[in-house]
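To start, the structure under review is shown below, and the notes come after it.
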Amino acid sequence: MRVSTSQIHQQATAQLSRLGQETSLTQQRIASGQKLLTPSDDPVAAAKILELTQDLAVREQYLSNADQAQTQLQAQDSVISQVVESLQRVRELTRQAGDGTLTAQDRSFMAEELEARLGEMTSLLNSRGADGNYLFSGFQGDR
C-alpha cells in the first residue's frame with residue numbers, strides 16, 4: 001500500500017486538531033478548577049456528584065427547617081411566659097376580690113384590670129411570628 005503525501009498531511013492535520021482540542025479542554029479544566037466539565041467526561045463521577053449535590057440540598061433544607069423551628073419555639077416560649085405572668089396577676093386579683101373589706105370602687109378597679117388582663121392574654125395568644133403566621137395555629141399556619 002502506498003502512502004501519499006496528502007495522506008500524511010491529512011493525518012498530521014487531524015493529529016494537530018485533536019491535540020488542540022485536548023489542550024483547550026485541559027485549559028478549561030484548569031481555569032474552572034473542575035475535573036468534570038460535562039457529564040460525558042465521566043458519567044459515573046457525574047452521577048455521584050449529582051447525588052452528593054442533592055444530599056447537600058436536603059441537609060441545608062433540614063438545617064433551615066431546624067432554625068425556623070427553633071425561632072418559632074423561642075417566640076412561643078416568650079409569649080407563654082407573658083401569659084403565665086398575666087395569669088399570676090389574675091390569681092392575685094381573684095384572691096383580693098374575696099376580701100370582704102373592699103369597696104365597690106375597689107372591686108370595679110379590679111374588674112377593669114381583669115378585663116384588661118383578659119384582653120392582654122387574648123392578644124398574646126393571637127400573636128404572629130416573624131413569618132406572619134399565628135404562633136399557636138398548629139398545622140393550620142396559613143395567614
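The values are calculated or read from the model by the stated rules, or taken from the named source; none is laboratory data. Keep in mind the model is a prediction, meaning the values are calculated, not measured. Ideal geometry is used to build each Cβ from the backbone, glycine not excepted, and the neighbour counts take in all protein chains shown. What goes into the accessible areas is simple: the full protein's heavy atoms, side chains included, and nothing from ligands, DNA or RNA. Shrake-Rupley method; radii C 1.70, N 1.55, O 1.52, S 1.80 Å.
222 nm [θ] for the chain, helices only, -39500 (n - 2.57) per DSSP H run of 4+, per residue, to 500?
My calculation for the chain gives -27000 deg cm²/dmol from helical runs alone.
Positive-end ranking of LEU52, GLN70, GLY20 along the dipole of the chain, with charges on Cβ about the Cα centre, is headed by GLY20. Charge dipole of segment 18-102 (Cα centre as origin; +1 on each Lys and Arg Cβ, -1 on each Asp and Glu Cβ, all else neutral): 120 debye, rounded to the nearest 20. In the context of the full set of protein chains, residues of the chain present 81 Å² of accessible surface per residue (probe radius 1.4 Å, heavy atoms only). The portion of the accessible surface of segment 1-106 made up by carbon and sulfur, rounded to a whole percent, is 56 (1.4 Å probe; DNA, RNA and ligands excluded). The Cα atoms of segment 2-68 give a gyration tensor whose axes a ≥ b ≥ c have a/c of 1.5 or more with a/b greater than b/c, which makes the shape prolate.
If R₀ is 30 angstrom, what is the calculated FRET efficiency for the pair ALA66 and SER123, using the beta carbon separation as r and rounding to 0.05?
According to the calculation, E is roughly 0.55.
Residues within the reach of a label modelled at LEU50 (point 7 angstrom out along Cα to beta-carbon, backbone nitrogen below 18 Å), restricted to segment 20-41, are 35-41.
Under unit Cβ charges (Lys, Arg +1; Asp, Glu -1), what dipole magnitude, rounded to 20 debye, does the chain have relative to its Cα centre?
Computed about the Cα centre, the dipole is about 980 debye.
Kirkwood analysis of the Cα pair distances in segment 37-143 returns a hydrodynamic radius of 18.4 Å.
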